[in-house]
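Q: This is the structure I have questions about; it appears just below.
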Amino acid sequence: MSAKNRTVSGALAGLLGFVGMSAIAGILVTAAVTPALALSGMTATNTINVFENLPDYLSIDQLSQRSNIFATRTDGSTALLASFYDQNRVEVAWDAISPFVKDAAVSGEDPRFYQHGGIDLEGTIKGVVSTVATGSARGGSSITQQYVKNVLVQKCEVLTDQKKRMTCYDAATETSPDRKLKEMRLAIGVEKKYPKDDILRQYLNITGFGGTVYGIEAAANYYYNTSAAALTLPQATSLVAIVNNPVKFQLDDPESETNGAANGYAANKERRDYILREMLKYKKITRADYDAAVATVIAPTITEPSTGCSSAGSSAYYCDYVTKILQTDPTFGPDAETRLANFRRGGYNVYTSLDLDLQNAAVETMAAEVPKTYPGWDVGAVITSVEVGTGRVLAMTQNKDYSQVDGTDANFTAVNYNTDIDQGGSSGFQPGSTYKVFTLGEWLTEGHSLNERVDSRRKTDWGVFKDSCNGNASYVFNPKNDANESGTNYSALESTMNSINTGYIGMAKKLDLCGIRKTAEAFGVHRANGDPLEQGPSSVLGTNEVAPLSMAVAFAGIANNGVKCSPIAIDKILGPGGDEIASPKSACTQAVTPEVDAGMTYAMQKVMTNGTAQASNRDTSPKVPMIGKTGTTDGNKDTWMSGASSKVATVVGVVSVTGDINQRLVKFANGTAATARHRMWPEVMSVANAKYGGEPFAEASNKVLQAVQIPIPDLRGKTMGEATSTLQAAGFDVVDGGPTDSEMPAGTVARTDPSGSATRGSTVTVFSSNGKLGVVPDVVGKTEAEATATLKGFAVDKKEQDVTDPKQVGIVLSMTPAAGTGAAAGSPVTIVVGKLGAAGTGPDKGKGNG
């Protein structure tokens, strides 16, 4: 009977047994319900309250079902990465279910389904009497009642609190007349609201078929590798048989003694054949159909579903990152409980930003360059790429096989080395000198230039550093330079190109450590474990543990005129009905001004062409403008190559997951571990450049390139204290060069280096006089005799020079060293004395000969 043609009396039939509207109903209530009430301690008033406090019906809600994660190929087609679910279910429409399944369910579970109004009174009375008598549940529930029970259980399944979930589940499944009465009331309400076919369809979609298999479509996929629409009569009845007792009748344990392959799945066959007899009895099949089906051997084809990110293969860690977004992003709900409930109910088709071309390049070069394990070393390696200007995560891989749980096999890990700990990642890794770019940004923001020089001498006592957040403090530490550079006065550009540690500490000395931290944060950098960034001087050299993805986002921001865009991995989400739902959006903010950013990219391009990243630049093809920065942590424990074009940023790292090792001493198949970064980065960026291209970066202004020259005053004869104050007031750093030979009074300033002028912020070395030199007196214009007498104590060296003026004869014309110069006692002083030349000599000068 069609649901639309049912009479009101049919819908009310289930109520008659409880409201005493006829003599027959009274008998039934007396025979069935009253004993139940008496034995359970329930009164008639309690019973009425049970009904009054319930909703009129349970709505047919969306069921928990399988969701899918896709990548999109270049041609626009999609590639399934993985399916994931809390319950393996694919909800299907009425027409997508074989008629054999529908008839089997009705014949085997509820033959009067299309006649009753939600409660099969005959079966219910038998079930209640049996329950009261034995204390255990016995049959009698209609399909509608079973559907109601399943819905109540499903509502429990989505609760995130374990205690609440178990309390809910116990209430939904307890063996008691109270629960049975509630179930009956709700079943009647469902029947009033929905057509029979809708109820049967949702019953077949919601019911369990053993393990995590829910719904007829997933059951057909799993047990027979087919669809619900294509199930044969023997297959359909064997699946419907499972519903009665999933543990007893499921078909995926061939070793079972009672229901296994050896005995032809005897328990299931017995139940299947019963259903077939019922179908024959109710004329749903012919005798020939029955005979053929009964004779059919049960032969399941177990097909394991794609479950979770393990099936995503080489993109498993990217898939894992996406699932963490689905579970934690506020887009999916206001709190963790709601987000998880939405995720578990599933039914989403998630289309990611993964670029399979870049991903394949990353996977291939990772496999070629870094082993999954190495004797005596817990080796890890990562590659992450982010699109500039959008924050779209394009690639993500590492040197391990994906596992949903950490095990003892070193090849596998559940930890995503690329992401933060709350996204399934680790506690992060020290990025080394790649972190220096944030000090560079703060340096330029504060008005310093790239050619400005700082005190770069190696020392242990660096004095007081400014920190406007935590208070100024002195630090004693002894950073060294990777290549043992020993220069004392590197410029910011030189320190960037060659990654000079002491140069960057010298730069930080002129800045606010809090400002450096804030610049890093403005580019999206944070500690992977969620703690605040540390901001001591050593942090300038990259000691904060950061996720590689965070650094890729930062470098993408530097390549984007200083605009940082937060990472996103999802382009589009379609709900179960095919409607697009909101997905996380990237938030873009200006981290530094475009002028400052242009200075940063200028210096970082020099790193690629003339600095420490030349190997990565050389092997990347096609060529487009690129920026970069290398990083190596203490002891060569971790090595990094981070860089970008104007379109794609990529971070590559080889790390020590635990423990320490010197990567320069480790040999991989194609070279040392320390140089593997320069073999992998070009492989990924070559694909990126070919696919996305690249534009020139903005031109740097003279303001950030060239510092203003400031005169250095003449400080000779001043006290060292006066000289220091004067130079610092002019914007210079001052270094005491120690005593030197000088004619100045002992202890006063002898000279400075440099002298004349220098850029603001440069280091000026001041030398003090030891007073050992005398001042050379001025003898120019004196007679030779006078000069010799004046220069007593010096070794006078006389030279002559022809003159035409008789007045200059015998007169000192010049001297070396110059007057006023300091010279040691006995040191030579050369004087030049005039003598009359040949044209001006003799008494006959001017007279003729003839």
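Q: Residue under question is Y290, and the condition is that it be more than 15 Å from K102 (Cα to Cα), in a helix (DSSP H, G or I), touching a Ser or Thr at 6+ places or on another chain (Cβ under 7 Å) and aromatic (F, W, Y); does it hold? Break it down stepwise before answering.
A: Working: more than 15 Å from K102 (Cα to Cα): yes; in a helix (DSSP H, G or I): yes; touching a Ser or Thr at 6+ places or on another chain (Cβ under 7 Å): no; aromatic (F, W, Y): yes.
No: the conditions fail for Y290.
Q: What are the residues in region 214-246 that are open to solvent by less than 10 Å² (accessible area, probe 1.4 Å), in contact (Cβ under 8 Å) with a residue 24 or more places away in the chain and either within 18 Å of A267 (Cβ to Cβ) or outside any helix (DSSP H, G or I) (or both), if any?
A: If the condition is that a residue be open to solvent by less than 10 Å² (accessible area, probe 1.4 Å), in contact (Cβ under 8 Å) with a residue 24 or more places away in the chain and either within 18 Å of A267 (Cβ to Cβ) or outside any helix (DSSP H, G or I) (or both), then G215, Y223, L231, A236, T237, S238, L239, V240, A241, I242 are the ones that fit.
Q: Please state which of the following conditions D120 fails to meet, knowing it meets all the rest: (1) acidic (D, E); (2) at pLDDT below 75; (3) surrounded by 15 or more Cβ atoms within 10 Å (Cβ to Cβ).
A: Status for D120: all satisfied but (2).
Q: Those residues that are open to solvent by less than 30 Å² (accessible area, probe 1.4 Å) and either not aliphatic (A, V, I, L, M) or not in a helix (DSSP H, G or I) (or both), I need them from region 159-176; list them, please. Don't jump to the end; show me each part of the working.
A: Here is the first cut: in region 159-176, the ones open to solvent by less than 30 Å² (accessible area, probe 1.4 Å) are 172, 176.
Correct list: S176 only.
Q: Only one of (1) modelled with pLDDT of 90 or more; (2) in a loop (DSSP other than H, G, I, E, B); (3) open to solvent by 50 Å² or more (accessible area, probe 1.4 Å) fails for P777. Which number is that?
A: The one condition P777 does not meet is (3).
Q: Follow-up. Pairs needed: first member in region 396-409, modelled with pLDDT of 95 or more; second member anywhere, among the hydroxyl-bearing types (S, T, Y) and surrounded by fewer than 24 Cβ atoms within 10 Å (Cβ to Cβ); C-beta distance under 6 Å; at least 6 residues apart or different chains.
A: Short answer, once both residue conditions are applied: K400/T413.
Q: Does region 179-186 include one or more residues that are among the basic types (K, R), open to solvent by 50 Å² or more (accessible area, probe 1.4 Å) and either within 41 Å of the chain's Cα centre (by Cα) or modelled with pLDDT of 90 or more (or both)?
A: Among the residues of region 179-186, not one is among the basic types (K, R), open to solvent by 50 Å² or more (accessible area, probe 1.4 Å) and either within 41 Å of the chain's Cα centre (by Cα) or modelled with pLDDT of 90 or more (or both), which makes the answer no.
Q: Counting only residues that are of a type in the set (D, E, K, R), within 22 Å of S495 (Cα to Cα) and in contact (Cβ under 8 Å) with a residue 12 or more places away in the chain, how many does region 619-666 have? Reasoning before the result, please.
A: Going through region 619-666, the residues of a type in the set (D, E, K, R) turn out to be 619, 623, 629, 634, 637-638, 647, 660, 664.
Within this subset, residues satisfying the condition of being within 22 Å of S495 (Cα to Cα) are 629, 634, 637-638.
Remaining after also requiring in contact (Cβ under 8 Å) with a residue 12 or more places away in the chain: 629, 637-638.
Selection size over region 619-666: 3.
Q: Filtering region 298-337 down to residues that are modelled with pLDDT of 90 or more and either among the hydroxyl-bearing types (S, T, Y) or touching a Lys or Arg at 6+ places or on another chain (Cβ under 7 Å) (or both), which residue is surrounded by the fewest Cβ atoms within 10 Å (Cβ to Cβ)? Steps first, please.
A: Taking region 298-337 as the starting set, the residues that turn out to be modelled with pLDDT of 90 or more are 298-302, 312-322.
Right, trim to either among the hydroxyl-bearing types (S, T, Y) or touching a Lys or Arg at 6+ places or on another chain (Cβ under 7 Å) (or both) and you get 298, 301, 314-315, 317-318, 321.
On the way: I298: 19, T301: 11, S314: 16, S315: 28, Y317: 27, Y318: 30, Y321: 26.
It comes out as T301.
Q: Where the second residue is open to solvent by 40 Å² or more (accessible area, probe 1.4 Å) and of a type in the set (S, T, N, Q) and the first is free of Cβ contacts under 8 Å to residues at least 60 places away in the same chain and lies in region 345-373, which pairs have Cβ atoms under 6 Å and are six or more apart or on separate chains?
A: V363/S314; K372/N411
Q: Counting just the residues of region 523-561 that are of a type in the set (G, A, S), farther than 22 Å from I325 by Cα and touching a helix residue (DSSP H, G or I) at 6+ places or on another chain (Cβ under 8 Å), which one comes out surrounded by the fewest Cβ atoms within 10 Å (Cβ to Cβ)?
A: Residues of region 523-561 that are of a type in the set (G, A, S), as a first pass: 524, 528, 530, 536, 538-539, 542, 547, 550, 552, 554, 556-557, 559.
Those still in the list that are farther than 22 Å from I325 by Cα too: 536, 538-539, 542, 559.
Next, only the ones that are touching a helix residue (DSSP H, G or I) at 6+ places or on another chain (Cβ under 8 Å) stay: 536, 539, 542, 559.
On the way: G536: 16, S539: 20, G542: 29, A559: 29.
Ranking the qualifying residues of region 523-561, first place goes to G536.
Q: What number of residues within region 624-635 satisfy the criterion of being over 20 Å from the mean Cα position of the chain (by Cα) and either at pLDDT 95 or above or part of a strand (DSSP E or B) (or both)? Explain how you work it out, then say what you get.
A: Here is the first cut: in region 624-635, the residues over 20 Å from the mean Cα position of the chain (by Cα) are 624-627, 632-635.
Okay, now just the ones that are also either at pLDDT 95 or above or part of a strand (DSSP E or B) (or both), so 624-627, 632-633.
Matching residues across region 624-635 total 6.
Q: Just name the residue that is surrounded by the fewest Cβ atoms within 10 Å (Cβ to Cβ) out of those in region 794-841 that are among the acidic types (D, E) and more than 13 Å from E784 (Cβ to Cβ). Outline the logic, then answer.
A: So in region 794-841, the residues among the acidic types (D, E) come out as 797, 800, 802, 805.
Now restrict to residues that are more than 13 Å from E784 (Cβ to Cβ): 802, 805.
On the way: D802: 13, D805: 10.
Filtering first and then ranking leaves D805.
Q: Please give the number of the condition A492 fails out of (1) open to solvent by less than 10 Å² (accessible area, probe 1.4 Å); (2) out of contact with any Leu (no Cβ under 6 Å at 6 or more places or on another chain).
A: So the condition that A492 fails would be (2).
The values are calculated or read from the model by the stated rules, or taken from the named source; none is laboratory data. Small disclaimer: the values here were computed from a predicted structure and weren't measured. Positions of Cβ are generated from backbone atoms using ideal geometry, with glycine treated the same way; all protein chains shown enter the neighbour counts. When the accessible area is computed, the model is the full protein with side chains, heavy atoms only, and any ligands, DNA or RNA have been set aside. Shrake-Rupley method; radii C 1.70, N 1.55, O 1.52, S 1.80 Å.
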